[in-house]
Structures are given as structure tokens and as C-alpha cells.
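Q: I'd like to ask you about the structure that follows.
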Amino acid sequence: MGHSHAHDHSVCIETAIAEAERLCAERGSRFTDLRRRILKMIWQGHKAVKAYDLLDQLANEGGSAKPPTVYRALDFLMDEGLVHKIESLNAYIGCPHPGGDHVSQFLICDKCETVRELSSPSLTAAVKDAARNAGFTIRRQTLELHGLCADCDREREAA
């Protein structure tokens, strides 16, 4: 999968926050303390995080955020391209390349719940061509693939 189960996420978090600060400053968007904290929480692992898990974590830190506040922060982070929503899990994952517009494919491990984002131009083009051939215009494309990551697959084979 590219991230071992023992992966240190501090570099991921630092990189994501620095890129978010740069992009928001460049765009004139307000990267508030709450938005920063939520983005850090999302980047604590490479697993999709549910909004209510973020709310619980904020409460454990002594915060008093309400669900609408968390959802507004998530909407901001999605609008800025800093996070993606994984529809099949109703959860959120940090975007490793938030600077540009891209179509993503997600590999979701059903065992360890790690999510890896891919961006395959050839796969995106193939889906667009198939849709066009069917007389369909795609407005938004996200592909979520469920299976086993390399680490979990090795563990399964070794068992």
C-alpha cells in the first residue's frame, strides 16, 4: 500500500498542514484553528475518519464543537481540496496532493481500513469514454475499490 502499519504520521501531518496554510494564504481562504485541528486529526492515520469521531476527539481535547461546526469545517476542507469524502464509508481522508484539480481513485483495505489515493489519468479517461459511449456526461468521478492492502494480504497468506 505504500504505508506500512508502523508508519510515522508526523511527517504526513506537518506536510499537510504546511501545504494547507500555503494554499489557503494563496487563495485568501481562512484556515482557522478549528479547521487546522480537524485536518491534523484526519492526517493522524491513513484511515478514513468519520465526522462523529472528529467530534468525539474534539470533546476529549476539551472542545465544545457541535456537529454543524464540524461539518462546516469538513465542507471547507473539501472545497479547498485538502480532504476527500469516502462515500462508501461516510468518512474523510486527507488529500496527498491538494494543489491541483484531479480525479481520484481510492484503494480501501477492508481489514485494516487504510485508504490510499491514486490518480490514474488512463483509468479516468477510460471511465469518461465509456460514459460518453453510453450517452452520459459525468459531473463528478470518484472510484472506491475495496479489497486488501499489501500488508494485510501478506498477513493473510502467512496465516
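Q: Tell me which of these PRO68 doesn't satisfy, since it passes every other one: (1) in contact (Cβ under 8 Å) with a residue 12 or more places away in the chain; (2) over 23 Å from LYS111 (Cβ atoms).
A: Of everything listed in (1) in contact (Cβ under 8 Å) with a residue 12 or more places away in the chain; (2) over 23 Å from LYS111 (Cβ atoms), PRO68 misses just condition (1).
Q: Then there's this: Against the condition touching a residue at least 12 places away in the same chain (Cβ under 8 Å), over 19 Å from VAL115 (Cβ atoms) and surrounded by 13 or more Cβ atoms within 10 Å (Cβ to Cβ), how does CYS12 come out, does it pass?
A: Values: touching a residue at least 12 places away in the same chain (Cβ under 8 Å): yes; over 19 Å from VAL115 (Cβ atoms): no; surrounded by 13 or more Cβ atoms within 10 Å (Cβ to Cβ): yes.
Answer is no for this residue.
Q: Then there's this: Considering only residues that are over 16 Å from ALA20 (Cα atoms), touching a strand residue (DSSP E or B) at 6+ places or on another chain (Cβ under 9 Å) and in contact (Cβ under 8 Å) with a residue 40 or more places away in the chain, which ones fall in region 77-91?
A: Within region 77-91, the subset over 16 Å from ALA20 (Cα atoms) is 85-91.
Narrowing further to those that are touching a strand residue (DSSP E or B) at 6+ places or on another chain (Cβ under 9 Å): 85-89, 91.
Correct list: ILE86, GLU87, SER88, LEU89, ALA91.
Q: Considering LEU58, LEU74, LEU89, which residue is out of contact with any His (no Cβ under 6 Å at 6 or more places or on another chain), surrounded by 17 or more Cβ atoms within 10 Å (Cβ to Cβ), farther than 20 Å from ARG116 by Cα and of a type outside the set (S, T, N, Q)? Can you show your working first?
A: Working: LEU74 fails: farther than 20 Å from ARG116 by Cα; LEU89 fails: farther than 20 Å from ARG116 by Cα.
Answer to the check: LEU58.
Q: Can you list residue pairs whose Cβ atoms sit under 8 Å apart, with the first residue in region 28-55 being under 12 Å from VAL70 (Cα atoms) and the second being in a helix (DSSP H, G or I) and of a type in the set (Lys, Arg)? Count only pairs 6 or more apart in sequence or on different chains.
A: Correct list of pairs: empty, since none qualify.
Q: Is it fair to say ARG139 is more than 23 Å from HIS46 (Cα to Cα) and either at pLDDT below 95 or touching a Lys or Arg at 6+ places or on another chain (Cβ under 9 Å) (or both)? Spell out how you get there, then give the answer.
A: Numbers: more than 23 Å from HIS46 (Cα to Cα): yes; either at pLDDT below 95 or touching a Lys or Arg at 6+ places or on another chain (Cβ under 9 Å) (or both): yes.
For ARG139, the condition - more than 23 Å from HIS46 (Cα to Cα) and either at pLDDT below 95 or touching a Lys or Arg at 6+ places or on another chain (Cβ under 9 Å) (or both) - is met.
Q: Consider LEU148 against the criteria (1) surrounded by 13 or more Cβ atoms within 10 Å (Cβ to Cβ); (2) modelled with pLDDT of 95 or more; (3) over 17 Å from ILE86 (Cα atoms): it satisfies all of them except one. Which criterion is unmet?
A: Condition not satisfied by LEU148: (3).
Q: Quick check: anything in region 73-94 in a helix (DSSP H, G or I) and either over 13 Å from the mean Cα position of the chain (by Cα) or over 29 Å from ARG36 (Cα atoms) (or both)? Don't jump to the end; show me each part of the working.
A: Here is the first cut: in region 73-94, the residues in a helix (DSSP H, G or I) are 73-79, 87-89.
From what is left, the residues that are either over 13 Å from the mean Cα position of the chain (by Cα) or over 29 Å from ARG36 (Cα atoms) (or both) are 73, 76.
Yes, region 73-94 contains at least one residue that is in a helix (DSSP H, G or I) and either over 13 Å from the mean Cα position of the chain (by Cα) or over 29 Å from ARG36 (Cα atoms) (or both).
Q: Okay, next question. Given the conditions (1) closer than 16 Å to GLN44 by Cβ; (2) at pLDDT 95 or above, which single one is not true for TYR71?
A: So the condition that TYR71 fails would be (1).
Q: Would you check which residues across region 24-54 are over 17 Å from the mean Cα position of the chain (by Cα), in a helix (DSSP H, G or I) and not charged (D, E, K, R) and list them? Break it down stepwise before answering.
A: Taking region 24-54 first, the residues over 17 Å from the mean Cα position of the chain (by Cα) are 24-34.
Those still in the list that are in a helix (DSSP H, G or I) too: 24-27, 33-34.
Passing the criteria: CYS24, ALA25, LEU34.
The values are calculated or read from the model by the stated rules, or taken from the named source; none is laboratory data. Please read all numbers here as calculations on a predicted model, not as lab measurements. Neighbour counts run over all protein chains shown; Cβ positions are idealised from the backbone, glycine included.
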